[in-house]
Amino acid sequence: MKLDTKLVLAGEPSPRILGAVTLPTFQSATFQYRGAPGEELRYGRYNNTPTHLALHQKLAALESAEAAVVTASGMAAISTTILALLRSGDHLLAQNCLYGGTLEFFTRDLPAAGIEVTLVDGSRTESWSAALKRATRAVYVEVMTNPLLEVADLQGVVEFARAHGLVSIIDNTFATPVNLRPVEKGFDLSLYSCTKYLNGHSDLVAGAIVGKAALVEAITAKLKRLGTCLDPHACFLLYRGLKTLALRVRCQNQSALRIASFLQGHPQVRRVYYPGLPSHPSHIRASALLDGFGGVLSFELHGGAEAAERFLERLRIAVVAPSLGGVETLVTRPVATSHRGVPPGERQKLGISEALIRLSVGIEDVDDLIADISQALEHAG
Ligand SMILES: *Cc1c(COP(=O)(O)O)cnc(C)c1O
């Protein structure tokens, strides 16, 4: 089956429960259990209600993976995975540009738990051997950096991990299985913040781990002890949201490219960051790896922070809010949100200026979005 069919069909119980075309929610914390041989104990925290199991099957099918498990948030997927696979004395190699929460977890909590982390350049995997230790267990990367959208040498990461017997882990939140299926490319585990595109409606917080059965089993055992499970109602909403993932993401790919091209030619705009543009440093690599360039783009305005703030104030369609991946267009100024805690000197080194804007393109009509951006830019100048 192709991806679009799996999104609708995979995970559906056969036969359907009382013929229900939509999988019902099993909003039950516990289930009858007598402890008979082979009888499975079902309990909310064990993530094994029928709603969970259907969702796990659908998520695994999207990447032709052996297994999947959902979690209370994207951060729960990341923390539960790392804590399940590494222990005190172990070492993790991670890309140096990471989602803020992940970077804090890696640089604060892991060292406190006796797990050493070395940050490496994701686009130069040939430099990774120097950072390798006897205790290295896993490598961790993101499909695209935020907010400049650089794509690491993902095939190099897979080969490096294989050559050294390490578990390869990728955060695929920005690409989604529509644009990249990491497990099909050889990654052991692919992680998601389902809060973003997978659910797609900005109405829940959830995460997922997709990949090898033995690893997902070990992570699920840890999840039961940490309590990083997902509530059945959130499972139901995520299962429903997933059905339209391909329609949403393909629309967002197209609209983001249209908007990026429009911005690139605009006199108020100093620079545009979108991997779909030939001017982006990762364009060639992204074109080879991805089926689409995603719905997030960033751009820098002339006129500094004041111009950027005037632009945000003037927008009528886009909502000024953190997060991304919903049906509604969201816009942020990274120095005021995701990179607020990063000192100005560091931000400058990363290329994140005061006038940088990040846009998560929704599914509104793209001509409306461009008209709105256009009028806001005129007032920003
Ligand atoms: C949002 C996000 C996360 C964290 O997800 P939550 O659901 O907010 O916990 C992790 N990685 C990336 C790339 C994200 O965008």
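What follows is calculated from the coordinates using simple rules that are stated; it is not laboratory data. Since the structure is predicted, the reported quantities are computational estimates derived from the model, not experimental observations. With ideal geometry, Cβ positions are generated from the backbone for all residues, glycine too; neighbour counts draw on all protein chains shown.
In order along the stretch 312-325, phi translates into HN-Hα couplings of 4, 4, 7, 5, 9, 8, 5, 8, 7, 6, x, 6, 6, x Hz, rounded to whole numbers, per the Karplus curve 6.51 cos²θ - 1.76 cosθ + 1.60 with θ = phi - 60° and x for Gly and Pro.
At a 10 angstrom cut-off on C-beta neighbours, averaged per residue, how do the peptides 64-72, 346-354 rank from highest to lowest? Spell out each step's value before the answer.
Values: 64-72: 22.6, 346-354: 15.7.
Most protected by this proxy first, the peptides run 64-72, 346-354.
Just rank Thr329, Thr107, fewest to most, by other beta-carbon atoms within 10 angstrom. Before the final figure, lay out the partial values.
On the way: Thr329 24, Thr107 14.
Listed from fewest to most nearby Cβ atoms, that is Thr107, Thr329.
In straight-distance terms, cross-link reach from Lys2 covers every one of the aspartates and glutamates whose alpha-carbon lies under 13 Å from its own, apart from those fewer than eight places away in the same chain; here that gives Glu63.
Quick one: in the stretch 232-292, what % of C-alpha pairs are over 15 Å apart? Display every interim value, and only then the final one.
Details: 1128 of 1830 pairs.
Roughly 62 percent, rounded to a whole number.
Taking the Cα centre of the chain as origin and charging only Cβ (+1 Lys, Arg; -1 Asp, Glu), how large is the dipole, in debye to the nearest 20?
740 debye
Taking only the alpha-carbon positions of the stretch 183-312 and ignoring solvent, what does the Debye formula give for the base-10 log of I(q)/I(0) at q = 0.16, 0.20 Å⁻¹? The calculated log intensity ratios at q = 0.16, 0.20 Å⁻¹ are -0.98, -1.18. Of the trypsin sites (Lys or Arg not before Pro) found in the stretch 107-170, those that fall in a DSSP loop while having at most 14 other beta-carbon atoms within 10 Å are Arg124, Lys133, Arg134. Entry for the stretch 20-63 at q = 0.31 Å⁻¹: log10 I(q)/I(0) = -1.09, Debye formula applied to identical alpha-carbon scatterers, no solvent contribution. Taking Cα atoms only, the orientation of helix 154-164 departs from the longest principal axis of the chain by about 40 degrees.
What the Cα convex hull of the stretch 1-118 gives, in volume per residue, is 178 Å³. Hydrodynamic estimate: the Kirkwood radius of the stretch 273-328 over Cα pairs, inserted into Stokes-Einstein at 37 °C and 0.692 mPa s, corresponds to D of 243 µm²/s. Other residues whose C-beta falls under 12 angstrom from the C-beta of Ile363 contribute a net charge of -2, scoring Lys and Arg +1 and Asp and Glu -1.
Between amide H atoms placed 1.01 Å from N, distances below 5 Å from Phe293 occur with no residue 5 or more places distant or on a separate chain. Under the combined filter of DSSP loop state and at most 16 neighbouring Cβ atoms within 10 Å, the stretch 18-54 retains these trypsin sites (Lys or Arg not before Pro): Arg34.
Volume per residue for the chain equals 144 cubic angstrom (convex hull of Cα atoms).
Considering the stretch 123-246 at the alpha-carbon level, its Rg and Dmax are found to be 15.6, 47 Å. Counting charges near Ile317 (Lys, Arg +1; Asp, Glu -1) among other residues having Cβ under 9 Å from its Cβ returns a value of -3.
For the chain, the longest principal axis of the alpha carbon atoms and the long axis of helix 245-264 meet at an angle near 20°. Mind running the shape call on the stretch 291-380? Use the C-alpha gyration tensor, a ≥ b ≥ c as the square roots of the eigenvalues: rounded below 1.5 for a/c, prolate if a/b tops b/c, oblate otherwise. Oblate. For the stretch 137-179, list log₁₀ I(q)/I(0) at each q in 0.16, 0.22, 0.31 Å⁻¹, using the Debye formula over Cα point scatterers of equal strength and ignoring solvent, two decimals each. With no solvent term, the Cα-only Debye profile gives -0.42, -0.73, -1.08.
Order of 23-33, 304-314 by packing, highest average Cβ count within 10 Å first?
Values: 23-33: 14.2, 304-314: 16.7.
Descending mean neighbour count gives 304-314, 23-33.
Cα centroids of the stretch 131-210 and the stretch 72-88: how far apart, whole angstrom? Cα centroid to Cα centroid, the span is 13 Å. A straight Cα-to-Cα reach below 30 Å connects Lys222 with the lysines Lys6, Lys58, Lys133, Lys185, Lys196, Lys212, Lys243, residues fewer than 8 places away in its own chain not being considered. Pair-distance distribution of the stretch 79-130: all C-alpha pairs, bin width 5 Å, starting at 0; shares per bin in whole percent are 5, 20, 31, 22, 17, 5. Couplings 3J(HN,Hα) of the stretch 369-381, computed from phi: 4, 5, 4, 5, 4, 4, 5, 5, 5, 4, 7, 6, x Hz, in residue order, whole Hz [Karplus 6.51 cos²θ - 1.76 cosθ + 1.60, θ = phi - 60°; x for Gly and Pro].
For the stretch 100-115, putting each phi into the Karplus relation 6.51 cos²θ - 1.76 cosθ + 1.60 with θ = phi - 60° gives couplings of x, x, 5, 4, 5, 4, 5, 9, 10, 6, 5, x, 5, 9, x, 9 Hz, in residue order, rounded to whole numbers and with x for Gly and Pro. Helix 50-62 and the longest principal axis of the C-alpha atoms of the chain enclose an angle of approximately 60°.
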